[in-house]
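Participant: My questions will all concern the structure given below.
The values are calculated or read from the model by the stated rules, or taken from the named source; none is laboratory data. In this text, all values refer to a predicted model and were calculated from it rather than measured experimentally. FYI the Cβ positions are ideal-geometry reconstructions off the backbone, even for glycines, and counts take in every protein chain you see.
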Amino acid sequence: MKPAAFAYLAPRDLDEALDQLAEHGADARVLAGGQSLVRLMNARLASPAVVVDINRVAGLDALERHNGTLRLGATVRQRTSELSPDVAAHAPLLAEAGAHVAHAPVRSRGTVVGSVAFADPSAELPTALLALDGRVVVRSRSGERTVEADDFFTGPFTTSLAPGEMVVAVEVPVTTAGTGTAFVEVARRHGDLPVCGVAATVTRGDDGRVGATRIALCGAGERPVRARAAEDALTGSDGGTDAVAEAAARASEGLSPIADCHGSADFRRHLARVLTGRALRTAIDRAAGEANDV
Amino acid sequence: MSEVVTPEKVRIRITVNDTAHDLLVEPRTLLADLLRGELELTGTHVGCEQGVCGACTVLVDGAATRSCLVFAAQLDGATVRTVESLAGADGTLHPIQQAFHENHGLQCGFCTPGMLMGACELLERTTAPEPDDVREALGGNLCRCTGYQNIVKSVCAAGAALATERNGQA
Amino acid sequence: MSTVEDRPTTATTGSPREGERRWIGRSVARKEDPKLLAGRATYVGDVMLPGMLYGAVLGSPHAHARIVSIDTSAAEAIPGVAAVLTGAQAAELVNPMPAFCAEPVPQTAVAIERVRYPGEAVAIVAATDRYIAEDACAAIRVEYEVLPAVVDPEAAMAADATRIHETLDSNVAFHRVLDFGDVEGDLARAHTIVRTRARWHRMCASPMETAGAVASWNPFDKSMTVYSNSNFHNFLPWAFAGMLGVSTNRMRMIPCAVGGSFGSKHFITKVLAIAGALTKATGKPVQYMEDRVDNIAANDNVGCDRIYDAELALAEDGEMLGLTLKIVDDYGAYFQFAHGQHGNAMAQPTGPYRIGSLRYDVSCVLTNKVQQGFFRGAGADPGNFVLERLVDKASEVMGIDRAEIRRRNFIAPEQFPFKTPPGNVYDSGNYAAVLDRALELAGIDDWRAEQERMRAEGRYLGIGLATCQERTGYNASEWWFLYDNPPLPATSTPESVKIDVDAMGGVRVEVGCPLWGNSPETVVSQVVAEEFGIDPADVSVTYADSTTGAMSAGPGGSRLTIMLSGATRGAARTIRDKMIRIAAHAMEMDPADVECVDGTFRAKGAPGTSMSMADIGMRAALFFHSTPEDESSGLVAVHTYDHPYSTPPSDDRKDMGAFYPMVSHACHIPIVEVDVETGLVTLRAYYAVNDCGTVMNPTLVEGQIVGGIVQGIGAALMEEYRYGEDGALDTPTFREYLMPSMHEVPEIVVEHLETPSPFTEYGVKGAGEGGRLVAPTAIASAVDDALKPLGVWVDELPMTPERVVNLVQGAGGGS
Ligand SMILES: Cc1cc2nc3c(=O)[nH]c(=O)nc-3n(C[C@@H](O)[C@H](O)[C@H](O)COP(=O)(O)OP(=O)(O)OC[C@H]3O[C@@H](n4cnc5c(N)ncnc54)[C@H](O)[C@@H]3O)c2cc1C
Ligand code: FES
Ligand code: FES
């Protein structure tokens, strides 16, 4: 289990990185935390001719908040994000989901952006990004574009990134008072990818009715998916037990889950319903609470 | 699309267990293989090469790191510590090793270097770890022999021993 | 009641008695630790020889296919590649792998013409490093003609099923029905018969270190040196030599520190053959280490894979009368070890109970999967699962408390030695005491109250209970007695140590077994310390290679502590007696008046007159004229300890003989919580009471038990080989083949009771496998108990979230 040969490039700044990505196009892979890429390369499931290591690119490790947006640069480690007071306060869902990723030593190398770019349909962080209505900031030599999370994930391990492009950051709107979020999952072993996971954000209006709701699932499709029927069922309801049950029951509508040795498609549909119910209950409670306790 | 690139070796200056090395490495050489091969530090073990077992854990700039998921080429300027750095040349075990010895925290010893290095990182930042802290830090390290109970015990005991040692010095 | 006519009279006399012992029974810290902790032990992967090459294997992507062609030219052209061998080419260098079956199921380490399981080696490579070796594997072009894969063992039995081996008439490699006692009579007079169809699934030993070997062929003197993590270097080196095409007296096998085995590394024949073929092809030392995929997919380390149709017949009062077991065992594509695991199972199929009759109906079926090898439990694991499930079912059906029904049927202390229906003998035990202590230790009443409280909250807490025999110290007859005409009816499983006391009184012990994760250095040091009254820390222990070691079967079948203590004590006694004679001669006394106390040899009753170990060592080494006339120089003894008590099977196989008679016993009580919606089973606590005779070293025994229990937790909840319909292995890495981590393990409380074995030195019994033998069935019982309100019955493991949800839904519960 050893990687095939490749050329190693370690750009110092973003322009250099983008030039290299432009030059090598589809032959190149970005190396961030390496916690997925190196695994794939060891198994020769990926054999890029060129590896562009972005870990030394200046400025990509910024985690900052301005104008109601939290922005995580491409080399912000999962562990940093999870432990960041800013993230805890302003995007607690990201911290809660992040704590389910692998184990501390893996998270201290792995990056949030790397997980998003990897687009594993079972992964927690892409799902959290989707539930948070986040955006992916993409750069290439020809400029920058911002892609809605809804549009970024196109299939298993595939995204709307084109050759020559890389993700420089992800952005999420800060979670405001009155919005509750929750992430729950079932993994067969602590730290493993979940069989199914649910990220939910629920906003309660002053009238106590449920306003905007976003529910995203992992392990339930070829990419992180929204449970739109469940969202619709909950939105406008009183957020009570019956409403949550109704929404949960609809969480598996339209899903076409993957199946593997950890769970069949039917089981994942089942979990989607159960976990949606649990995530919604917690998110609704948190929305009603004073603070967004995690 | 580019033409095929011939991999060039990469120069790294890396400090391993307090010894500075100036090396030319192939880009694809994993840190685990550099340590075990060229540097002949075979105390670091390889169990899965997928990041899942933790046997290969070493400290890179103080952080517990799966050495099977890092290329040596990435480590120019880095400081690496492996299990060989723990015991004294006179055979004195490091307090963490001593705690594993006293609490029967190992059987075959294959997972042990990874456990020890993970514990080192933990005990750098936590003086009196609770069992749950140990699980958080070492939960990704698999052991097929011990059933973990004594490993958790060992790390907690090592925390206590190190705390005493530090207090004694203060 | 059956009796045992032929049991051994007694163990060697003069063992220090309990209470007088200084070192046996103490938690002496492990001698093995420092080098392991320091990263200084040499595992086989750490061996580096000048000019050494690295091997890699190209495995088949298909479960079943004909190899149409192999083109290795591109691979050979890669700089650094020294050899690329197809199966046919390897077969010119090494012989087929030794098989212990009578049936014609030939197997080569590298497939020739046909591949029969996914991952089977198709070509092997040696190169200057492993990266290049893998480049070469990637460059080999193989054309396959895919054949239908045989995956389901029951379907494989059909007459028209695709045949795995043309040399056999069917995929049923072996079938036999054995009746012991009056099975029909017991079924007829039964008041209640409980039945189950249970599945014991495929798992692998998965030691953290894979199997590996460094082989170095010397083409000039035709000798072969092999470093490996096998433990049979001092038992079957000649068999390996035969496979490698080396004369037995030119084969040297050197043991290394081993990163765990759990039964999987006895033979490692594939690995030896691959390294051997490559060193012969290149004339250079070659290291071949499996990577994890090689290990999971192709190492012969998977355990039993059985479907049981089982029934337990009981009288009205719950007395167990008879047991019938109809077993289909999926052996995979080859039959290297024949039905050895069923021989093993024959040691204790009726468990700790007085069950009078047994029907054992076994079919060993071949399919397109990697073949079975050995894994902790070695055949007894599934049997215990099924038996205890049946007992739980009987308890349920008959309304007898599950502890009570067990108590009523336990073999009583005064019935030992006890002869079981198939003929094996149990030496000693007190099963009711173990059960009672376990119930007490667990605080059952508190847990029942907690269960009530949680049920009111809609939560499901379960309390498990299972008991188990652990047959320890095997005799080789288990490998073959199911055959009427066995190909190799061997009966030896010896263990040897060599002790010498040098001129300065230093004690050195050389063991024939390797360091396999257990504690041979500590055990022999404790015994030597006991016998000489010295400190175990002062004993030095080394490992013999095959050119110096005497016969040693090494660890396996929970035998090592029994056998090592026997061998060490034998050698120590020989030397001690000689030292007494020399001392008596020097002190001009009768040897009968000299005793060895605290490392000095002194006149009984007059301790002032004494000689030290060094005094006698020097005298024996250099002062021939000052020793008794018939004594030779030096203080060296080799002692080979054979199986302490075994009898041959009867010719008609109505009685398999005593072959596994040191029988430990355990009762486990796990506490689980089941989330009925997600199917997650969480262990809340775990209690185990164990009786493995005299406890040699409590800390080490507890380590074995806890480690075994956690493997059992894996068996119960996580570990499983899964295959697709096309025979593809869906679990080839640790991302799919899941073993427990720290997070899945509760606090495990272990206690010991001691019923010494009358057959062994010091009364020790083994303890290596028990944890894994009990935990799976105990946890199944806990899940049943948790879900009792829903009426769930677990007869298949692992209890993955999906299986549990299906059980709950099948029972009409859940969402
Ligand atoms: C033992 C173990 C357990 C794990 N468990 C989980 C889990 O439970 N949940 C989970 O979600 N993940 C899990 N992972 C994977 C996770 O840890 C990875 O960190 C994550 O998937 C990838 O992040 P990375 O920074 O390591 O990216 P890398 O591995 O460096 O890259 C991953 C992919 O993304 C691409 N990429 C990375 N950064 C960029 C960028 N800026 N622009 C464009 N492309 C980019 C790379 O080219 C590559 O294709 C686990 C990993 C291990 C080893
Ligand atoms: S070898 Fe690196 S984690 Fe297993
Ligand atoms: S001690 Fe053997 S794997 Fe942990």
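Participant: Being in contact (Cβ under 8 Å) with a residue 12 or more places away in the chain, more than 14 Å from chain A (Cβ to nearest Cβ), within 30 Å of B:E26 (Cβ to Cβ) and surrounded by 18 or more Cβ atoms within 10 Å (Cβ to Cβ) narrows it down to one residue among C:A136, C:A123, C:A127, C:A111; which is it?
Facilitator: One residue alone meets the criteria, C:A123.
Participant: Scan segment C:225-242 for residues that are crowded, with 24+ Cβ neighbours inside 10 Å and either over 22 Å from C:Q336 (Cα atoms) or of a type in the set (A, V, I, L, M) (or both) and jot them down.
Facilitator: C:V226, C:Y227, listed by residue number.
Participant: Got a sec? Which strands (runs of 3 or more DSSP E) wholly within segment C:232-317 have at least 1 residues that are under 21 Å from C:A109 (Cα atoms)?
Facilitator: Values: elements: C:251-255, C:286-289, C:306-314.
Result: C:251-255, C:286-289.
Participant: Suppose the filter is of a type outside the set (D, E), modelled with pLDDT of 95 or more and more than 16 Å from C:E521 (Cβ to Cβ); does C:R581 pass it?
Facilitator: Numbers: of a type outside the set (D, E): yes; modelled with pLDDT of 95 or more: yes; more than 16 Å from C:E521 (Cβ to Cβ): yes.
Yes: the conditions hold for C:R581.
Participant: Are any residues in segment A:26-84 at the interface with chain B (Cβ under 10 Å from one of its Cβ atoms) and under 27 Å from A:L132 (Cα atoms), and if so, which ones?
Facilitator: A:L31, A:G33, A:G34, A:Q35, A:S36, A:L37, A:N55, A:R77, A:R79
Participant: Something else about it: Quick one: A:L280 ticks every box in (1) part of a loop (DSSP other than H, G, I, E, B); (2) within 23 Å of the chain's Cα centre (by Cα) bar one, so which box is it?
Facilitator: (1)
Participant: Suppose we filter C:E510, C:E530 for residues that are over 22 Å from the mean Cα position of the chain (by Cα), outside any helix (DSSP H, G or I) and more than 16 Å from ligand 1 (Cβ to nearest atom); which single one remains?
Facilitator: On the way: C:E530 fails: outside any helix (DSSP H, G or I).
Among C:E510, C:E530, only C:E510 is over 22 Å from the mean Cα position of the chain (by Cα), outside any helix (DSSP H, G or I) and more than 16 Å from ligand 1 (Cβ to nearest atom).
Participant: OK, next. Being closer than 25 Å to B:G109 by Cα, of a type outside the set (S, T, Y) and in contact with a helix residue (DSSP H, G or I) (Cβ under 6 Å, 6 or more places away or on another chain) is the requirement here; does C:A213 meet it?
Facilitator: Values: closer than 25 Å to B:G109 by Cα: yes; of a type outside the set (S, T, Y): yes; in contact with a helix residue (DSSP H, G or I) (Cβ under 6 Å, 6 or more places away or on another chain): yes.
Against the criterion (closer than 25 Å to B:G109 by Cα, of a type outside the set (S, T, Y) and in contact with a helix residue (DSSP H, G or I) (Cβ under 6 Å, 6 or more places away or on another chain)), C:A213 qualifies.
Participant: While we're here: Scan segment C:582-591 and tell me whether some residue there is surrounded by 24 or more Cβ atoms within 10 Å (Cβ to Cβ) and over 36 Å from the mean Cα position of the chain (by Cα). Spell out the reasoning first.
Facilitator: Taking segment C:582-591 as the starting set, the residues that turn out to be surrounded by 24 or more Cβ atoms within 10 Å (Cβ to Cβ) are C:582-583.
If we keep only those that are over 36 Å from the mean Cα position of the chain (by Cα) too, we end up with C:582-583.
Yes, because at least one residue in segment C:582-591 is surrounded by 24 or more Cβ atoms within 10 Å (Cβ to Cβ) and over 36 Å from the mean Cα position of the chain (by Cα).
Participant: Give the number of residues within segment B:59-78 that are within 15 Å of ligand 1 (Cβ to nearest atom) and either within 10 Å of chain C (Cβ to nearest Cβ) or part of a strand (DSSP E or B) (or both).
Facilitator: Total meeting the criteria: 6.
Participant: Restricting attention to strands (runs of 3 or more DSSP E) lying wholly within segment C:625-732, give those where 1 or more residues are within 30 Å of A:D260 (Cα to Cα).
Facilitator: On the way: elements: C:636-641, C:662-674, C:681-691.
In segment C:625-732, C:662-674, C:681-691 are the strands (runs of 3 or more DSSP E) which contain 1 or more residues that are within 30 Å of A:D260 (Cα to Cα).
Participant: Additional query: Collect the residues in segment A:27-73 that are surrounded by fewer than 17 Cβ atoms within 10 Å (Cβ to Cβ) and β-branched (V, I, T), keeping them in residue-number order.
Facilitator: Matches in segment A:27-73: A:T69 only.
Participant: Take the conditions more than 16 Å from ligand 3 (Cβ to nearest atom), within 12 Å of chain C (Cβ to nearest Cβ), among the hydroxyl-bearing types (S, T, Y) and surrounded by 21 or more Cβ atoms within 10 Å (Cβ to Cβ) and apply them to B:T82. Does it pass?
Facilitator: Values: more than 16 Å from ligand 3 (Cβ to nearest atom): yes; within 12 Å of chain C (Cβ to nearest Cβ): yes; among the hydroxyl-bearing types (S, T, Y): yes; surrounded by 21 or more Cβ atoms within 10 Å (Cβ to Cβ): yes.
So B:T82 passes the test.
Participant: Moving to a separate point now. Hey, among the residues in segment B:121-170 that are within 14 Å of chain A (Cβ to nearest Cβ) and in contact (Cβ under 8 Å) with a residue 60 or more places away in the chain, which one's farthest from C:Y737 (Cα to Cα)?
Facilitator: Among those that are within 14 Å of chain A (Cβ to nearest Cβ) and in contact (Cβ under 8 Å) with a residue 60 or more places away in the chain, it is B:E124.
Participant: Taking the options A:P173, A:P105, A:P85, name whichever one is within 30 Å of B:M115 (Cα to Cα), modelled with pLDDT of 95 or more and more than 13 Å from ligand 1 (Cβ to nearest atom). Break it down stepwise before answering.
Facilitator: Details: A:P173 fails: within 30 Å of B:M115 (Cα to Cα); A:P105 fails: more than 13 Å from ligand 1 (Cβ to nearest atom).
The match here is A:P85.
Participant: Tell me, please, whether a residue that is among the charged types (D, E, K, R) and either farther than 28 Å from C:G260 by Cα or within 7 Å of another protein chain (Cβ to nearest Cβ) (or both) can be found in segment B:31-49. First the steps, then the outcome.
Facilitator: Of all residues in segment B:31-49, those among the charged types (D, E, K, R) come to B:33, B:36, B:38, B:40, B:49.
Imposing the further condition that a residue be either farther than 28 Å from C:G260 by Cα or within 7 Å of another protein chain (Cβ to nearest Cβ) (or both) reduces the set to B:49.
Within segment B:31-49, one or more residues are among the charged types (D, E, K, R) and either farther than 28 Å from C:G260 by Cα or within 7 Å of another protein chain (Cβ to nearest Cβ) (or both).
Yes/no per residue for (1) touching an Asp or Glu at 6+ places or on another chain (Cβ under 6 Å); (2) assigned to a helix (DSSP H, G or I); (3) charged (D, E, K, R):
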{"residue": "C:A503", "(1), (2), (3)": "no, no, no"}
{"residue": "C:T522", "(1), (2), (3)": "no, yes, no"}
{"residue": "C:V541", "(1), (2), (3)": "yes, no, no"}
{"residue": "C:T547", "(1), (2), (3)": "no, no, no"}
{"residue": "C:G556", "(1), (2), (3)": "no, no, no"}
{"residue": "C:G570", "(1), (2), (3)": "no, yes, no"}
{"residue": "C:M579", "(1), (2), (3)": "no, yes, no"}
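Participant: May I ask you to list the residues in segment C:693-742 that are within 12 Å of chain B (Cβ to nearest Cβ) and among the hydroxyl-bearing types (S, T, Y)?
Facilitator: C:T699, C:T733, C:Y737, C:S741
Participant: A further question on this structure: Of the conditions (1) closer than 21 Å to C:V47 by Cα; (2) touching a helix residue (DSSP H, G or I) at 6+ places or on another chain (Cβ under 8 Å), C:S206 fails just one. Which one is it?
Facilitator: (1)
Participant: From the list B:H21, B:H101, pick out the single residue that is part of a helix (DSSP H, G or I), at pLDDT 95 or above and either within 16 Å of ligand 3 (Cβ to nearest atom) or out of contact with any helix residue (DSSP H, G or I) (no Cβ under 8 Å at 6 or more places or on another chain) (or both).
Facilitator: On the way: B:H21 fails: part of a helix (DSSP H, G or I).
Step by step, each of B:H21, B:H101 is checked, and only B:H101 is part of a helix (DSSP H, G or I), at pLDDT 95 or above and either within 16 Å of ligand 3 (Cβ to nearest atom) or out of contact with any helix residue (DSSP H, G or I) (no Cβ under 8 Å at 6 or more places or on another chain) (or both).
Participant: Among C:A666, C:A685, which is the only one that is under 18 Å from C:P746 (Cβ atoms) and surrounded by fewer than 24 Cβ atoms within 10 Å (Cβ to Cβ)?
Facilitator: Values: C:A666 fails: surrounded by fewer than 24 Cβ atoms within 10 Å (Cβ to Cβ).
After applying the criteria, what remains is C:A685.
Participant: OK, next. If I ask for residues that are touching a residue at least 12 places away in the same chain (Cβ under 8 Å) and in a loop (DSSP other than H, G, I, E, B), which ones from segment A:232-245 would you list?
Facilitator: Within segment A:232-245, A:T235, A:G236, A:S237, A:D238, A:G239 meet the criteria.
Participant: Please verify whether segment A:212-235 includes one or more residues that are farther than 30 Å from C:G679 by Cα, modelled with pLDDT of 95 or more and not assigned by TED's automatic domain parsing to the domain that holds A:V101.
Facilitator: Of the residues in segment A:212-235, the ones farther than 30 Å from C:G679 by Cα are A:212.
With modelled with pLDDT of 95 or more added as a condition, the list becomes none.
No - not one qualifying residue is present in segment A:212-235.
Participant: Tally up the residues in segment A:1-46 that are of a type in the set (G, A, S), part of a helix (DSSP H, G or I) and under 19 Å from B:V10 (Cα atoms), please.
Facilitator: 1
Participant: Of all residues in segment B:106-120 being within 10 Å of chain C (Cβ to nearest Cβ), touching a strand residue (DSSP E or B) at 6+ places or on another chain (Cβ under 9 Å) and not hydrophobic (A, V, I, L, M, F, W, C), which is nearest to ligand 1 (Cβ to nearest atom)?
Facilitator: Taking the candidates together, the pick is B:G114.
Participant: Out of curiosity, is A:A248 without any contact (Cβ under 8 Å) to a residue 40 or more places away in the chain and surrounded by 24 or more Cβ atoms within 10 Å (Cβ to Cβ)? Full working, then the answer.
Facilitator: On the way: without any contact (Cβ under 8 Å) to a residue 40 or more places away in the chain: yes; surrounded by 24 or more Cβ atoms within 10 Å (Cβ to Cβ): yes.
Considered against the rule, which asks whether it is without any contact (Cβ under 8 Å) to a residue 40 or more places away in the chain and surrounded by 24 or more Cβ atoms within 10 Å (Cβ to Cβ), A:A248 comes out as yes.
Participant: Only one residue in C:T467, C:T522 is among the β-branched types (V, I, T) and within 14 Å of chain B (Cβ to nearest Cβ), so which one is that?
Facilitator: Working: C:T467 fails: within 14 Å of chain B (Cβ to nearest Cβ).
Checking each option against the conditions leaves just C:T522.
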